[in-house]
Amino acid sequence: MSADVQLDNVWIRFGDFVAARDINIHIQDGEFFSFLGSSGCGKTTILRAVSGFSEPSEGRVLIGGKDMAGIGPNKRPTALIFQNLALFPLMKVWENITFSLEVAGVGKAERKKKADELLDLIALSGQGEKMPNELSGGQKQRVAIARALCAEPDVLLLDEPLSALDLKLRQHMRTELRAIQQRVGITFIYITHDQGEALTMSDNVAVMSQGKIEQVADGTTVYDSPETSFVASFVGENNLFEGKVSEVSEGYAIVDTPSGRLRARNAKHNGEYQLKTGDDAFLFIRPESLKFADGGSYDNQIKANVLQHEFEGSFWQVFFNVQGARRTIKLSMVNDGGSVGHEKGSEAQLGFSADKAVATPVGMLADET
Amino acid sequence: MKAYWKAFFLKNGVSISAYLLISIMIWLGMLIMLPQFFMFDFSFRFNLPPAELGGPKDVYTMSHYKYMVFGSEQASDSYNVVDVWVFVRTIVTAICVTIFDLALCYPIAYYLAHVARGGWARLMVIALIIPYWVNELLRAFAFKIMLGTSGIINDFMMWAGVIDQPIEFVLENYALYAGLGYAFILLMIFPIYNAIESLDRNQIEAARDLGSPWWRIHKRIVIPYAKPGITSGCTMVFMLTAGALAAPQILGGPSSLWYTQIIYQWFNQGNNWQRGSAYAVFLLFSTIVIVLLAMKAFKVKLGEVSR
């Protein structure tokens with residue numbers, strides 16, 4: 001079975017500190033949903049409220065349409081995978097996996113059978129008699145997943161479960177997790193500060209900052225059409241220009257910046273365009289959308305001084321000084337064997353199309369929180 | 001071996017190495033091995049006047065051990081009924097005290113380690129420790145005053161109308177049990193606290209999340225994890241209770257003897273150190289055997305305890 005999860009006006013306070021403010025989210029049945037945010041943004045707090053380890057100070061948590069108020073973590077149809085996995089070190093692997101059945105009073109023979117099935121599922125057949133500390137990091141990870149799945153939860157909650165693994169294994173486990181989710185077909189709620197994880201695995205991502213939801217959307221939308229300055233600066237890399245809106249029209253805004261008059265899409269949040277004439281605005285353009293103009297025609301053109309080139313194998317990163325820009329401007333271009341041209345210290349014309357750029361109201365930036 | 005010592009001296013420096021070696025030797029030799037060795041040796045010798053020491057009569061004998069079990073040859077009983085009975089009662093009482101202390105201290109230790117927070121936890125630890133700054137004898141006397149026939153507890157219960165005759169706590173040995181139970185609880189709490197404290201809280205939550213009721217979390221997660229601490233706490237409390245002297249001397253009823261009191265009598269009143277030594281050696285070895293048997297029964301390895 002699987003269930004949807006609904007957070008209705010959820011506030012969570014610890015004394016004066018507000019860990020989650022007015023969270024409204026509806027996670028569909030069978031969805032892979034991620035909360036993405038830096039540490040302390042309140043994502044773990046929300047997970048604990050769903051799992052039942054804490055109760056919201058205000059608002060409701062509904063799982064499968066049922067209000068969870070007053071229902072303890074041991075009675076909720078959720079299973080949580082902890083950041084440090086929290087395998088029981090003094091129990092064998094098979095006992096770990098079938099602990100929920102032991103609790104339910106299932107006999108040993110049946111538990112062993114179930115353990116074998118799950119060990120097959122996580123490709124650890126025949127390792128049930130081992131102790132957890134005899135397994136590798138990735139194997140422990142899979143045991144933790146099996147232990148949670150054994151409880152046959154409607155919703156699986158994952159609290160940064162991959163953060164302890166090395167890069168290679170982490171990338172492998174992403175694929176694996178997604179595959180397991182599609183096989184068992186239950187709702188996954190995934191907490192992470194790693195945008196790569198969130199974007200690759202999830203159907204939908206909620207980007208959080210300081211206890212607030214900044215944007216809920218699928219990965220490409222979050223990346224291509226950020227709704228707030230925080231999302232634009234937090235997800236992926238973005239170049240920043242600042243200025244004042246001089247004109248808005250048909251979903252676009254023209255921002256007068258010290259670097260020039262630049263046109264970009266007007267950010268939409270909760271269905272409304274955010275900028276109107278006279279507003280202070282941030283304009284974001286991704287490094288891969290920024291081009292050397294070199295005579296081509298672009299909606300926007302800026303003059304820049306080449307600071308340095310960085311070689312990254314498949315990419316060149318080129319850094320510029322742009323007059324009036326607060327930060328160094330960065331351009332990424334695919335390395336196709338040619339050279340960058342544009343020597344260090346030379347002047348260059350950069351261009352980008354208005355469709356690739358987003359303008360938002362001036363707000364919080366991810367690296368300034 | 002030579003290489004080992006060379007490396008040892010190189011690693012720690014000559015003066016520190018020498019200091020370490022000498023202090024460890026003093027500790028092991030002077031404080032642990034020598035006294036036990038002399039006690040052991042003494043227990044196999046006759047109680048001779050000083051003039052005959054080293055003379056032809058100064059030979060090894062089992063007579064004290066024989067006496068301990070069979071009693072004096074002139075006695076009418078064929079066994080030393082009094083001493084054997086006191087021994088059995090001492091051991092059984094010490095086991096009961098240990099179980100009682102464990103039942104009392106496990107929740108306290110768990111509370112301190114995983115429930116209490118910040119200042120409150122520290123306050124509790126201080127409240128536990130401070131009474132132990134007071135000498136053991138004084139604490140025993142305090143219990144005696146409190147539990148006496150006109151002590152505060154009897155007075156209060158009479159005033160409240162719970163009883164109309166004071167209860168003879170001391171005469172009936174209740175005071176002794178209370179005193180013994182209290183005497184070493186810290187040695188039960190702290191090893192268990194130490195063990196539980198390092199338990200990952202997530203494990204408790206994981207078990208909870210998987211549907212486990214509290215009792216099963218303790219049975220399957222906390223207690224197995226705390227086992228080494230529980231073992232070392234129980235061992236210390238049992239050993240020290242069986243070997244306690246102050247509490248039985250002061251709080252014991254007039255008709256009850258603690259095994260250590262018999263030892264004390266042989267040394268002090270009986271002026272027979274050899275026989276006292278034999279009793280002491282017997283107590284030491286029998287308690288060790290009991291502890292080892294208990295550890296075997298509960299499947300604890302010695303290595304885990306010293307972890």
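Which longest run of chain A has no exposed loop site in it, a site being GluC sites (Glu not before Pro) in a DSSP loop with at most 11 other beta carbons within 10 Å, and the site itself not part of the run?
With GluC sites (Glu not before Pro) excluded where exposed in loops, chain A gives A:1-128 as its longest stretch.
Where a ≥ b ≥ c are the square roots of the eigenvalues of the C-alpha gyration tensor, would you call chain B rounded, which needs a/c under 1.5, or, failing that, prolate if a/b is larger than b/c, or oblate? Kindly include the intermediate steps, with their values, before the conclusion.
Values: a/c = 1.98, a/b = 1.14, b/c = 1.73.
Oblate.
Which net charge results for the neighbourhood of A:ASN239, defined as the other residues with beta-carbon distances under 10 angstrom from its beta-carbon, given Lys and Arg at +1 and Asp and Glu at -1? Each step should come with its number before you reach the end.
Numbers: positive: A:ARG286, A:ARG327, A:LYS330; negative: A:GLU237.
That works out to +2.
Once you charge only the Cβ atoms, +1 for Lys and Arg and -1 for Asp and Glu, what is the size of the charge dipole of region A:1-69 about its Cα centre, to the nearest 20 debye?
Details: 6 positive and 9 negative charges, 41 e Å.
That gives a dipole near 200 debye.
Report, in order of residue number, the helices in chain B meeting two criteria: a C-alpha extent of 30 Å or more along the helix axis, and a mean Kyte-Doolittle hydropathy of at least 1.0; treat each whole DSSP H run as one helix.
Values: long enough: B:81-110 (43 Å, 1.74); B:273-297 (35 Å, 1.39).
The qualifying helices are B:81-110, B:273-297.
For the protein assembly as shown, what class follows from the C-alpha gyration tensor (a ≥ b ≥ c being the square roots of its eigenvalues): rounded when a/c is under 1.5, otherwise prolate if a/b is larger than b/c, else oblate? Show your work: numbers first, answer last.
Working: a/c = 2.94, a/b = 2.43, b/c = 1.21.
Here the protein assembly as shown falls in the prolate category.
What percent of all Cα-Cα pairs in region A:1-99 falls into each 5 Å bin, going from 0 up to the bin containing the maximum distance?
Over region A:1-99, the share of Cα pairs per 5 Å bin runs 3, 11, 20, 23, 18, 13, 8, 4, 1 percent.
How much net charge surrounds A:ASP29 when only the other residues with a Cβ under 12 Å from the Cβ of A:ASP29 are counted, with Lys and Arg +1 and Asp and Glu -1? Intermediate values should be presented prior to the final figure.
Values: positive: none; negative: A:ASP4, A:GLU31, A:ASP154, A:ASP203.
Local net charge: -4.
Using only Cα atoms, locate the centre of region A:218-278 and the centre of region B:126-156, then give the distance between them in Å, rounded to an integer.
Value for the Cα centre distance between the two parts: 76 Å.
Could you tell me which chymotrypsin sites (Phe, Trp or Tyr not before Pro) in region B:235-307 are loop residues by DSSP with no more than 14 other beta carbons within 10 angstrom of their beta carbon?
Working: sites: B:PHE238, B:TRP258, B:TYR259, B:TYR264, B:TRP266, B:PHE267, B:TRP273, B:TYR279, B:PHE282, B:PHE285, B:PHE298; in loops: B:TRP258, B:PHE298.
Those satisfying the criteria are B:PHE298.
Can you give the helix-only mean residue ellipticity at 222 nm for chain B, where every DSSP H stretch with n ≥ 4 adds -39500 (n - 2.57) and the sum goes over all residues, rounded to the nearest 500 deg cm²/dmol?
Numbers: 17 runs with 204 residues, N = 307.
Taking each H run of at least 4 residues, the total per residue is -20500 deg cm²/dmol.
Given H placed on each backbone N at 1.01 Å, which residues far from A:ILE81 in sequence or on other chains put an amide H within less than 5 Å of it?
For A:ILE81, whose amide H was placed from the backbone, the distant partners under 5 Å are A:LEU157, A:LEU158, A:ASP159.
Label region A:229-368 by shape, choosing from rounded, prolate and oblate, from the square roots a ≥ b ≥ c of the eigenvalues of the Cα gyration tensor; if a/c is under 1.5 it is rounded, and otherwise prolate applies when a/b is larger than b/c, oblate when it is not.
On the way: a/c = 1.99, a/b = 1.71, b/c = 1.16.
Note, shape of region A:229-368 comes out prolate.
Let me have the relative contact order for chain B, percent, based on Cα pairs under 8 Å that are six or more residues apart. Kindly include the intermediate steps, with their values, before the conclusion.
Numbers: 288 pairs, mean separation 73.0, N = 307.
Relative CO of chain B lands at 24 percent.
Which of the residue pairs A:LYS92/A:LYS114; A:LYS112/A:LYS168; A:LYS92/A:LYS112; B:LYS219/B:LYS299 have a Cα-Cα distance greater than 20 Å in the structure shown?
Details: A:LYS92/A:LYS114 14 Å; A:LYS112/A:LYS168 32 Å; A:LYS92/A:LYS112 11 Å; B:LYS219/B:LYS299 15 Å.
Exceeds cut-off: A:LYS112/A:LYS168.
Report the charge-dipole magnitude of region A:5-224 in Debye, nearest 20, computed about the Cα centre from +1 at each Lys and Arg Cβ and -1 at each Asp and Glu Cβ. Could you put the intermediate results ahead of the total?
Values: 24 positive and 28 negative charges, 123 e Å.
Value, rounded to 20: 600 debye.
Size of the dipole of the protein assembly as shown about the Cα centre, Lys and Arg at +1 and Asp and Glu at -1 on the beta carbon, nothing else charged, in debye to 20? Intermediate results must be reported in sequence, preceding the final value.
Details: 60 positive and 66 negative charges, 423 e Å.
Charge dipole of the protein assembly as shown: 2040 debye, to the nearest 20.
Once Lys and Arg get +1 and Asp and Glu get -1 on their Cβ, which of B:PHE238, B:HIS114, B:LEU187 lies farthest toward the positive end of the dipole of chain B?
The Cα lying farthest towards the positive end belongs to B:HIS114.
Among residues other than A:MET201 whose Cβ falls under 13 Å from its Cβ, what is the net charge (Lys/Arg +1, Asp/Glu -1)?
Working: positive: A:ARG170, A:ARG174, A:ARG178; negative: A:GLU31, A:GLU160, A:GLU176, A:ASP194, A:GLU197, A:ASP203, A:ASP218.
Result for the neighbourhood of A:MET201: -4.
At a threshold of 8 angstrom on Cα-Cα distance, excluding pairs fewer than six apart, so keeping six or more, what relative contact order does chain A reach in percent? Write down the numbers at each step before the final one.
Details: 824 pairs, mean separation 57.4, N = 369.
Reported relative contact order: 16 percent.
Placing +1 on the Cβ of each Lys and Arg and -1 on the Cβ of each Asp and Glu in the protein assembly as shown, which of B:ILE99, A:TRP316, A:SER38 has its Cα farthest towards the positive end of the resulting dipole?
The residue sitting most towards the positive pole is B:ILE99.
Alpha carbon centre of region A:58-116 versus region B:1-68: separation in Å?
57
Quickly estimate the mean residue ellipticity at 222 nm for chain A, helices only: each DSSP H run with n ≥ 4 gives -39500 (n - 2.57), and the total goes over all residues, rounded to 500. Mind dumping the intermediate values first?
On the way: 9 runs with 84 residues, N = 369.
So the calculated ellipticity at 222 nm is -6500 deg cm²/dmol.
DSSP loop GluC sites (Glu not before Pro) in region B:168-277 with at most 13 other Cβ atoms within 10 Å of their Cβ, which ones? Walk me through the numbers before you get to the answer.
On the way: sites: B:GLU168, B:GLU172, B:GLU197, B:GLU205; in loops: B:GLU168, B:GLU172.
Here the sparse-neighbourhood loop sites are B:GLU172.
Most fluctuating residue of A:GLN301, A:GLN181, A:GLN317 in a GNM of chain A with Cα springs under 10 Å: which is it?
Result: A:GLN317 has the largest fluctuation of those listed.
Apply the membrane-span-like helix rule to chain A: whole DSSP H runs, Cα extent along the own long axis of at least 18 Å, mean Kyte-Doolittle hydropathy at least -1.0. List the helices found. All intermediate terms of the calculation are to be shown ahead of the outcome.
Values: long enough: A:108-121 (20 Å, -1.36); A:137-150 (20 Å, -0.02); A:167-184 (25 Å, -0.89).
Within chain A the helices that satisfy the rule are A:137-150, A:167-184.
We did not get these values from a lab; they are worked out from the coordinates using the rules stated. The structure presented is a predicted model; accordingly, all values stated were derived computationally and were not measured. When we count neighbours, we look across all protein chains shown, and the Cβ atoms used for this are built from the backbone with ideal geometry, even at glycine.
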